[in-house]
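Here is the structure we will look at.
The values are calculated or read from the model by the stated rules, or taken from the named source; none is laboratory data. Computed from a prediction, not measured in an experiment: that's the story for all the values here. Using ideal geometry, Cβ is built from the backbone for each residue, glycine included, and neighbour counts are taken over all protein chains shown.
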């Protein structure tokens, strides 16, 4: 602990250099994660970053902790299996909007419902970057930059915070890539929160959505304390513009699995085998 | 040598409790030292509908589905047609039924002896809560010479949670049934009178997995694999392990991979449709070298297929379903008891070789219950030589065995990022040809270079003919070999337990001296036959006998087909 | 826990200065590596030089703080006029094909923001030691800004469409 606390954010970065485009919001998320780790004095050996596939999912390799870069959409499943099997570890799942809300959408809502004590950071740039800029579930209806949907997706985007709330997530926050220090604080709080914590990060894509540089003028920091009632949070998430940052909703709820008594252990094996004997 | 066996089918409307009747009869039989198998057949209804308990009592443990039934006990005949393909009668068969006038044409055609017994009337007469299944249990126990008190006690144990009157009624019916004297008798096989276990293949696989160290299971329900997961849930609770019910099979396999990455041996069980969903991530386990074991309890396919019936038709997907070059382990238990050994072996191999192991069980051995001698266990694998830990930790270090040191989170100073992207020795993503080729070779070599020992197959018999099969076909093929030997054609039987990596040299040696080979399997497209032909150059003439489900492989049909094939 | 420094205001100022320069150094370093991997060598080199300068300033602060007990603040506990430390380049203006002129303009804005930050710290403080240090740093930043201004003036004219390219983006995954 004493040694860990002296580590600075940069000490939590690995030797591997990001492949992201200069200006990508994900750099900021990486900085926020390492700042949060430094702030918490987290032990690198007992921390695991798990991701799926996409630009943002490259992140685990850039952090000097244990990591798992899985397949598209399944990071949350890996992260939950890991945490349930190894409750002693600090587990963060990361991914993008396509990974988390499209191909991994089912895992997202069930992770919210299941409330395993992990942190999920969804780095939302409203676009599939690794495949050349197609619309994602959070892309605005009229965004017509993709050849795949030349007239825009024409479909209402998801509201990830509302979705998380409806699915039962007990801790919902929003960050913005333009404010890594606030994001670092949110990540530190998410890691400390005893349950599933969902941090939705508006992380700009400079390459496919250059218009997102305007987010800077839209984003606001929410002054009020986090809502503790799902009713109020529902009103907020359904009516807000999606650019309010901060801890938006937090309800204390028992996480899963409940801390049980330690079972008898391996000596129960003989009993299991014996139960078949006549 | 002709074996002595007795087969009994008990059919009735769902709700009548024919399965319980069969289970209790088999347990009472086991207490006398008997050996036997219970298969269960159902209509598509969850409750009600019709069901059948298909019993086979033998003097050995070679459990094939009965080709004919010596006795059919029909509590009613409604919708018996559903079971017509499976419940066939022999020349000596007889029928015990309540409604003699309602006999189906398929039964009448076999001209069986018919004994009428008013089950319903007798059951209500002996107790207001009387049940026909318990009466039938008493009658059948009487025919087998089983002590009445034993059946009453087993029934009381099974019905422990029911009201007292309910148990009293059961006892009264069993006693009433046991006291009946019928006009016909049964040829009862001798009993072995040695210690035995009573288990289904699914339970056996679960036990083998837990004994081999599995402490994490991710579960998504699917017929006919759900009962493995249910049994393991109870076991894991006692062992201090964890079971996580997933939202789908995509999650289940990834949860298992996550747990395994955490250093906790992990497992999931599924059937064809679930295996199809899992294949992408099984590839992830292969590429990231994360050990995981997947039990696939095969059922009729494709698509939803025939969920309640057995087939060996997932061999292709188990061997070849993964995209890219993804060497992994595929094993198949040969019978119910062998589910303990083979699943335990698979778990150990997956851990040792840091890869995915797919175990191909099927509905027949998975959901049948049998009395078996204490199952053989897979001993712990001999420790491998740990690669020298010199300098920087490289997760995917190239070693002579292909196996590199696997650190787990919490291990000091061995931090790495596991990756499904092709990577270099350190684990950093790389699309370079040299890295790709080296890592592909590493993942292949650690399997092909491993000494799997003698358990890759079960080999029996001698003769110029070889019958090659895998998994649960083993019993039917062995019995077919007996029939062929009786007919003057002795045969060698090679039952493959390890399908990938195929032990081609060992198989070649096992077939030495044989001039012809027949590959026997329960599927339509001869999947094993084509696989073996693709993997080896056989000096022998190789033939195929492939018969799709849902009716289990019959030794007589195999023997007949083989004789036909061998005709000059 | 560390006990507070006898001059908490100066300690707080130096802690902020140290973080400001460290953040500048790390961000410039990050941008340099990122530009290098995107084959924009002139800009990568420039950012690398800026990272080195920030490192020197950091060293200067460390020397000034010798023997002092600086408060150990977490990233989100610093009190900046904006979201990030003033000399930290924000991501919005970056582009992998940005010109040296654009990179220098970005750095110039950073230097000016830093000067303004130090200047306001000096004007808000009553502690003479803090005022002296803040004024010194502000003057230094002004010097850098002037030097950068001269470098920019010496640059050749730049093309208007230099960010355009003919190929489509790649599809790495």
| said: For the range B:197-218, check the following and say yes or no: at least one residue is surrounded by fewer than 16 Cβ atoms within 10 Å (Cβ to Cβ), out of contact with any strand residue (DSSP E or B) (no Cβ under 9 Å at 6 or more places or on another chain) and farther than 14 Å from residue B:295 by Cβ. | reply: no
| message | Restricting to the range C:137-173, name every residue that is within 14 Å of chain A (Cβ to nearest Cβ), surrounded by 13 or more Cβ atoms within 10 Å (Cβ to Cβ) and either part of a helix (DSSP H, G or I) or without any contact (Cβ under 8 Å) to a residue 24 or more places away in the chain (or both). | response | C:169, C:172, C:173
| query | If we keep just the residues of the range B:225-242 that are touching a residue at least 24 places away in the same chain (Cβ under 8 Å) and facing another protein chain (nearest Cβ under 7 Å), which is farthest from residue A:91 (Cα to Cα)? | reply | B:235
| note | residue C:67: passes all of (1) out of contact with any helix residue (DSSP H, G or I) (no Cβ under 8 Å at 6 or more places or on another chain); (2) within 14 Å of another protein chain (Cβ to nearest Cβ); (3) not in a helix (DSSP H, G or I) but (2)
| field | Within the range B:31-49, tally of residues that are over 22 Å from residue B:478 (Cβ atoms) and either buried (at least 24 other Cβ atoms within 10 Å of the Cβ) or within 14 Å of chain A (Cβ to nearest Cβ) (or both) | value | 3
| field | Spans of helices (runs of 4 or more DSSP H) in the range B:138-222 with at least 1 residues touching a helix residue (DSSP H, G or I) at 6+ places or on another chain (Cβ under 8 Å), at pLDDT 95 or above and under 30 Å from residue B:236 (Cα atoms) | value | B:148-158, B:201-211
| query | Do we find that residue C:54 is more than 12 Å from every other protein chain (Cβ to nearest Cβ), without any contact (Cβ under 8 Å) to a residue 40 or more places away in the chain and touching a helix residue (DSSP H, G or I) at 6+ places or on another chain (Cβ under 7 Å) in this structure? | reply | yes
| Hey, residue C:132 hits all of (1) within 13 Å of chain A (Cβ to nearest Cβ); (2) free of Cβ contacts under 8 Å to residues at least 24 places away in the same chain; (3) more than 19 Å from the chain's Cα centre (by Cα) but one; which does it fall short on? | (1)
| task | Please verify whether the range A:2-17 includes one or more residues that are more than 7 Å from every other protein chain (Cβ to nearest Cβ), without any contact (Cβ under 8 Å) to a residue 24 or more places away in the chain and part of a helix (DSSP H, G or I). | result | yes
| remark: Filtering helices (runs of 4 or more DSSP H) wholly in the range B:498-568 for at least 2 residues that are within 29 Å of residue B:355 (Cα to Cα) gives B:504-510, B:527-535
| said: Return the residues of the range B:243-264 that are more than 8 Å from every other protein chain (Cβ to nearest Cβ) and surrounded by fewer than 24 Cβ atoms within 10 Å (Cβ to Cβ); say none if nothing qualifies. | reply: B:243, B:245
| How many of the residues making up the range B:440-453 are part of a helix (DSSP H, G or I) and touching a helix residue (DSSP H, G or I) at 6+ places or on another chain (Cβ under 8 Å)? | 3
| task | For the range A:22-31, indicate whether the set of residues that are over 24 Å from residue C:38 (Cβ atoms) and either more than 9 Å from every other protein chain (Cβ to nearest Cβ) or in contact (Cβ under 8 Å) with a residue 24 or more places away in the chain (or both) is non-empty. | result | no
| task | State whether the residues of the range A:180-192 include one that is more than 14 Å from chain C (Cβ to nearest Cβ), in contact (Cβ under 8 Å) with a residue 24 or more places away in the chain, within 26 Å of residue A:80 (Cβ to Cβ) and touching a helix residue (DSSP H, G or I) at 6+ places or on another chain (Cβ under 9 Å). | result | no
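Residue-wise test of (1) within 28 Å of residue A:272 (Cβ to Cβ); (2) part of a loop (DSSP other than H, G, I, E, B); (3) at pLDDT below 95; (4) out of contact with any helix residue (DSSP H, G or I) (no Cβ under 9 Å at 6 or more places or on another chain).
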{"site": "B:382", "(1), (2), (3), (4)": "yes, yes, yes, yes"}
{"site": "B:387", "(1), (2), (3), (4)": "no, yes, yes, yes"}
{"site": "B:394", "(1), (2), (3), (4)": "no, yes, no, yes"}
{"site": "B:402", "(1), (2), (3), (4)": "no, yes, no, no"}
{"site": "B:418", "(1), (2), (3), (4)": "no, no, no, no"}
{"site": "B:421", "(1), (2), (3), (4)": "no, yes, no, no"}
| said: Checking residue A:232 against (1) part of a loop (DSSP other than H, G, I, E, B); (2) over 19 Å from residue A:109 (Cα atoms); (3) more than 16 Å from the chain's Cα centre (by Cα): exactly one of these is not met. Which one? | reply: (1)
| request: Please find, within the range B:51-91, the residue that is farthest from residue B:337 (Cα to Cα) out of those that are in contact with a helix residue (DSSP H, G or I) (Cβ under 6 Å, 6 or more places away or on another chain) and either at pLDDT below 85 or in a loop (DSSP other than H, G, I, E, B) (or both). | output: B:77
| Before we move on, is residue B:464 in contact (Cβ under 8 Å) with a residue 40 or more places away in the chain and either surrounded by fewer than 24 Cβ atoms within 10 Å (Cβ to Cβ) or within 20 Å of residue B:56 (Cβ to Cβ) (or both)? | yes
| said: So, in the range B:485-497, exactly how many residues are outside any strand (DSSP E or B) and within 25 Å of residue B:567 (Cβ to Cβ)? | reply: 6
| request: Please enumerate the residues belonging to the range A:241-274 that are over 26 Å from residue A:114 (Cβ atoms), part of a loop (DSSP other than H, G, I, E, B) and under 21 Å from the mean Cα position of the chain (by Cα). | output: A:241, A:243
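Given the condition within 30 Å of residue B:450 (Cβ to Cβ) and assigned to a helix (DSSP H, G or I), answer yes or no: does some residue in the range B:464-473 qualify?
There is at least one residue in the range B:464-473 that is within 30 Å of residue B:450 (Cβ to Cβ) and assigned to a helix (DSSP H, G or I).
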| request: With the condition kept exactly as written, say whether any residue in the range C:110-123 is within 14 Å of chain A (Cβ to nearest Cβ), in contact (Cβ under 8 Å) with a residue 24 or more places away in the chain and out of contact with any helix residue (DSSP H, G or I) (no Cβ under 8 Å at 6 or more places or on another chain). | output: no
| remark: Checking A:90, A:47 in turn, the sole residue that is free of Cβ contacts under 8 Å to residues at least 60 places away in the same chain, more than 20 Å from residue B:286 (Cβ to Cβ) and touching a strand residue (DSSP E or B) at 6+ places or on another chain (Cβ under 6 Å) turns out to be A:47
| task | For the range B:224-242, name all the residues that are assigned to a loop (DSSP other than H, G, I, E, B) and at pLDDT 95 or above. | result | B:224, B:225, B:241
| field | Criterion: closer than 30 Å to residue B:265 by Cβ and under 29 Å from the mean Cα position of the chain (by Cα) - qualifying residue of B:192, B:155, B:205, B:136 | value | B:205
